Amino acid sequence: MRNITVYLFLFLVSVAHAQTSMSSTEAHALKTKVKERAAITKTISSDFIQYKHLDFLNNDIETSGKLIFKTPDLVKWEYMKPFKYSVLFKDDKLYINDEGKKSDINIGSNRLFKQLNTLIINSVKGDMFNAAEFSIEYFKKDNYSLVYFSPKDKKFSKYIKAFHITFNSEGDVIEVKMIESSEDYTKIVFSNKFLNKPLEDALFTP
Amino acid sequence: MRYLLLSFCLFFLACGSFPKKQHFKIENTSKTSIHNPYFSNKTIDYIYKANIDVYKKSFSGILIIKKIDNQHHRIVFTTEMGNKLFDFSFIKGEFNVNFIIDEMNKSILINILKKDFKVLITEQLKINDTYTLDKTNVFESEIDKKKHFFFIANNQLNKIIRIRNGKEKVVFLFTQINDTIANNIQILHYNIKLNIKLKSI
């Protein structure tokens, strides 16, 4: 009898935390909210923690830093722990500063990089609702919305099978999870996020 | 005639074995094997910030080495942003490429990486000859039928050299050693422009 009670309790706990599919009305409302928010977003600045999960490791590899974004297409990821490394997407180029060693990659000619860049910008804003490029599924969990974007392009899905983006009730992105075909993933959790705080162009230097 | 003799002498000196050229002193020891401890603990995730320079190309990222079981290692290289660049495994001496990006998918490069990583993860080595050089013990062994010299000072493995035709081909340097973790590792190739730098994070 006690066993049954335990199972019942566990079942209720799992139901309480399980994610459920959204109705089409709910999905439409979320999409509208995120798109409206993305349209008025001129800048984003946020702290982030990145967790690299590989199934054979004891612990995820944790790195952290700051992200800044400015419309239309300036993005800088600055890793500060446990090493200093930054990537700046600017004018179709990728500028890297690896503990002081600077290099750049021309991404204009690389379709995959270009696609990745657009995806990064859109995922930071949350606006990836492009049905031609992704199969999209909507879920809700507690007060959060969870959207699965699976790339339709076969060449791209070889690298990333799906993006799982978590939004808070305001329609802000709080977590991005990129899942590889092997099921290993990279999870980025945002915190101290500010929208439309003035960001000087000078901050977007390599 | 004197010049001819001199050139003969120089010729033989140049062709002399690696230990001779390096002035190693031969040593008699009862030791039959040595142990490379650096990637031998199953409970540790070995994580390094890595730079791989190949000719004019440079790849930076995170190198992960994990001993999954006895005779089973997994070696994964990702970018700082988390994208996998390659994923290799060694299972009972057999090498597998689980994944590699097109840009790095060149058999020459894969072969070199395979040989280098095999040296890093091979734990038990049979000693063929023993030498000393100052306060360092030098052990000659073989990995894949290639001569390797292991330099051990103060009970720490600090260098491995792969030899071909009596010359240094690849040098592995282990520095900032903390117990059984080498916090800095450099793999320097003398016959091609390929260098790997690893810094524990």
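So the values come out like this:
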item	result
Pairs where the first residue, in segment B:95-112, is over 19 Å from B:Ile196 (Cα atoms) and the second is modelled with pLDDT of 95 or more and basic (Lys, Arg), C-beta under 8 Å, 6+ apart	B:Phe95/B:Lys114; B:Phe95/B:Lys118
Residue in segment B:111-118 that is surrounded by fewer than 16 Cβ atoms within 10 Å (Cβ to Cβ) and either at pLDDT below 90 or within 16 Å of B:Ser60 (Cα to Cα) (or both) present	no
Top-ranked residue in segment B:110-134 [being out of contact with any Ser or Thr (no Cβ under 8 Å at 6 or more places or on another chain) and of a type in the set (Asp, Glu); ranked as nearest to the other protein chains (Cβ to nearest Cβ)]	B:Asp116
Answer residue from segment A:147-172, given it is among the acidic types (Asp, Glu) and either closer than 24 Å to A:Lys33 by Cβ or surrounded by 18 or more Cβ atoms within 10 Å (Cβ to Cβ) (or both) and is farthest from the other protein chains (Cβ to nearest Cβ) among those	A:Glu170
Selection count, segment B:112-131, where residues are within 19 Å of B:Leu188 (Cα to Cα), in contact with a Phe, Trp or Tyr (Cβ under 8 Å, 6 or more places away or on another chain) and part of a loop (DSSP other than H, G, I, E, B)	0
Filter pass, B:Ile75 being closer than 17 Å to A:Ile61 by Cβ and touching a residue at least 60 places away in the same chain (Cβ under 8 Å)	no
Search result, residues across segment A:1-39 that are loosely packed, with under 11 Cβ neighbours inside 10 Å, β-branched (Val, Ile, Thr) and modelled with pLDDT under 90	A:Ile4, A:Thr5, A:Val6, A:Val13, A:Val15
Members of segment A:74-91 that are of a type in the set (Lys, Arg) and either more than 11 Å from every other protein chain (Cβ to nearest Cβ) or not in a strand (DSSP E or B) (or both)	A:Lys76, A:Lys84, A:Lys90
Any pair with Cβ under 8 angstrom, 6 or more apart, that starts in segment B:33-53 at a residue that is away from chain A (no Cβ under 14 Å) and ends at one that is outside any strand (DSSP E or B) and of a type in the set (D, E, K, R)	B:His35/B:Glu123; B:Asn36/B:Glu123; B:Pro37/B:Glu123; B:Ser40/B:Glu123
Segment A:57-73 - residue that is crowded, with 16+ Cβ neighbours inside 10 Å and within 9 Å of another protein chain (Cβ to nearest Cβ) and, of those, nearest to B:Lys66 (Cα to Cα)	A:Leu57
Options B:Ser7, B:Ser33; residue that is polar (S, T, N, Q), at negative phi and at pLDDT 90 or above	B:Ser33
A:Glu183 vs. criteria within 14 Å of chain B (Cβ to nearest Cβ) and either touching a residue at least 24 places away in the same chain (Cβ under 8 Å) or out of contact with any strand residue (DSSP E or B) (no Cβ under 6 Å at 6 or more places or on another chain) (or both)	yes
Filter result for the condition that a residue is at pLDDT below 90 and more than 14 Å from every other protein chain (Cβ to nearest Cβ), over A:Gly108, A:Gly100	A:Gly108
Odd one out for A:Lys52, checked against (1) of a type outside the set (S, T, N, Q); (2) away from chain B (no Cβ under 12 Å); (3) buried (at least 18 other Cβ atoms within 10 Å of the Cβ)	(2)
Among the residues listed as A:Glu183, A:Glu175, the single one being surrounded by 15 or more Cβ atoms within 10 Å (Cβ to Cβ), under 24 Å from A:Ile61 (Cα atoms) and touching a Lys or Arg at 6+ places or on another chain (Cβ under 9 Å)	A:Glu175
Some residue of segment A:51-73 being within 21 Å of A:Phe149 (Cβ to Cβ) and either in a helix (DSSP H, G or I) or β-branched (Val, Ile, Thr) (or both)	no
Near pairs, Cβ below 9 angstrom, 6+ apart or cross-chain, from segment A:52-68 (farther than 17 Å from B:Leu85 by Cβ) to any residue that is small (Gly, Ala, Ser) and not in a strand (DSSP E or B)	A:Asp55/A:Ser182
Within segment A:186-203, tally of residues that are among the charged types (D, E, K, R) and surrounded by fewer than 17 Cβ atoms within 10 Å (Cβ to Cβ)	3
Output for segment B:66-109, where each listed residue is away from chain A (no Cβ under 12 Å), surrounded by 16 or more Cβ atoms within 10 Å (Cβ to Cβ) and within 19 Å of B:Asn51 (Cα to Cα)	B:Phe86, B:Phe88, B:Met104, B:Leu109
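The values are calculated or read from the model by the stated rules, or taken from the named source; none is laboratory data. The structure displayed is predicted, hence computed values, not measured ones. Please note: Cβ atoms are built from the backbone with ideal geometry, for glycine as well, and neighbour counts cover all protein chains shown.
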